[in-house]
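These notes concern the structure reproduced below.
Each value in this text was obtained by applying a stated rule to the coordinates, not by laboratory testing. Fair warning: this is a prediction, and the values are worked out from it, not measured in the lab. When we count neighbours, we look across all protein chains shown, and the Cβ atoms used for this are built from the backbone with ideal geometry, even at glycine.
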Amino acid sequence: MNDDLKRLLGKRLRTLRESKNLKQHQLGRMIGSDNKYISSVETGRVYPSPEMMTALSKALNYPISEFYFVEGIDDDAKALRKSIESLVAVSNAGRLRRFLRHMLVTLED
């Protein structure tokens, strides 16, 4: 996984967690983990699994897409392409199919 993407996701998680006035240990408890796991994600050392992303999304009451919005970067097409390419580069066929389905559904809106 691209280190830049892990750091950006971690920063975004911290922002979303703080917007709910939660401490790391509180969020960890809500998702069945601990504050060390949350700290590892927020500092970019760990990238959460799809299951953990779902748990974080539910605990914080934000859609998963909200974790990937980074103000300033999401406005730059070149940076967006780089982020997408880094995700695609490390994905297996199953994950690529899910990405494609999500993109196709989004285009229908």
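Between Ala79 and Ser39, what is 0.36 nm times their sequence separation minus the Cα-Cα distance? Round to one decimal in nm.
Taking Ala79 through Ser39 to full extension adds about 11.8 nm, to one decimal.
Sort Lys58, Lys78, Lys6 so that the residue with the fewest other Cβ atoms within 10 Å of its own Cβ comes first and the one with the most comes last.
Fewest-to-most ranking of Lys58, Lys78, Lys6: Lys78, Lys58, Lys6.
If contacts are Cα pairs under 8 angstrom and at least 6 residues apart, what is the relative contact order of the chain in percent?
28 percent
Once semi-axes √(5λ) of the Cα gyration tensor in Å is worked out from the coordinates, which option in [x] 20, 17, 16; [y] 27, 14, 10; [z] 24, 15, 14 does it equal?
The calculated read-out lines up with [z].
Using only DSSP helix segments of four residues or longer, with each worth -39500 (n - 2.57), what per-residue ellipticity at 222 nm results for the chain after dividing by its residue count and rounding to 500?
-20500 deg cm²/dmol
Treating only the Cβ of Lys, Arg, Asp and Glu as charged (+1, +1, -1, -1), what charge dipole size does the range 3-108 show about its Cα centre? Round to the nearest 20 debye.
340 debye
List the lysines whose Cα sits under 29 Å from the Cα of Lys78, skipping any in the same chain fewer than 8 residues away.
Lys6, Lys11
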